[in-house]
């Protein structure tokens, strides 16, 4: 990356330095280049080995000038290696950005750099003035199209988190002859389906908007649990939940709402649970008393909540514990997800709220 004077910016700029400010100003360009490379299949085209820009253009059916300039840009970012004539994947790039390889995470660009987020962040100053979203469609819009895309492409983050959920529940769950599981606002459905794949006595009810359930069903089939999945289409605050359930999962949801609204949802969950059931929460969690820089991912996510929700933000661990208590649950047991800024909270139902 270069600064405004054309010289290379420092690799690790000092806090508050001009180099840091310039890098932040340029960040949207680097995101756009990475997203374009993934969308076009450029990294896949380079998987067989080093080639020139003309050959990459031929493989991708794009203009040679376009291929050459994007290749140079990605090489400048360190994602590719180049001698000025040919281009090759840099070390690590092939593991994470070539489709079909075990470590592939490129599809997360559809989630983390979606056009919906870009449009919303373009109104950030207005959202700060208003204290909430100014875009016409946002996270609280019924049937929001983004949630279908999230369900389709969030697997790179969801799968390791789902394994943590299953590991946390397994000691309690494995001796139970039957397990009814409700996954509220299920999205991709991977939390409930991973649990069901590990415990054959489990049956899952997936609740979400109809457009999201289309993607969730695909994941249920991939994991071989489609015959043990039922769906509930609708709004998690108003749709009949059925039950009783042994496990209720409320994942990547509560940061969209104020604590008061979150408690209302958790009380709905409690009312649908069997005595002694388990509640699972997944999401970002800030730790009380820590400066924002030490929980950076969570605080950056809260800014997305500003442009996308009317009262949402990432809640602290203490706030989550208060919400659980108010809704009739015992203290949540916190589990960290290795390598990801996500947490899993598991709590038992103490009293009916």
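Quick note: the coordinates plus some simple rules give every number you see, no bench work behind them. Just so it is clear, the model here is predicted, and its values are computed rather than measured.
Worth pointing out:
- Using C-alpha pairs below 8 Å separated by at least 6 residues, the relative contact order for segment 18-104 is 27 percent.
- Cα gyration tensor of the chain - equivalent ellipsoid semi-axes, whole Å, descending: 40, 24, 18
- Candidates 135, 247, 280, ranked by Gaussian network fluctuation over the chain, Cα under 10 Å, top entry: 135
- Fluctuation leader among 341, 177, 244 - the chain, Gaussian network, Cα springs under 10 angstrom: 177
- Relative contact order computed over segment 145-348 (Cα-Cα under 8 Å; 6+ residues apart), in percent: 19
- Relative contact order of the chain: 12 percent, from C-alpha pairs under 8 Å at least 6 residues apart in sequence.
- Crossing angle, helix 210-222 versus the chain [Cα axis fit, 0-90 degrees, rounded to tens]: 90
- To the nearest ten degrees, helix 155-173 and the longest principal axis of the Cα atoms of the chain are 30 degrees apart.
- Angle between the chain longest axis and helix 296-308 axis [Cα atoms, degrees, rounded to 10]: 80
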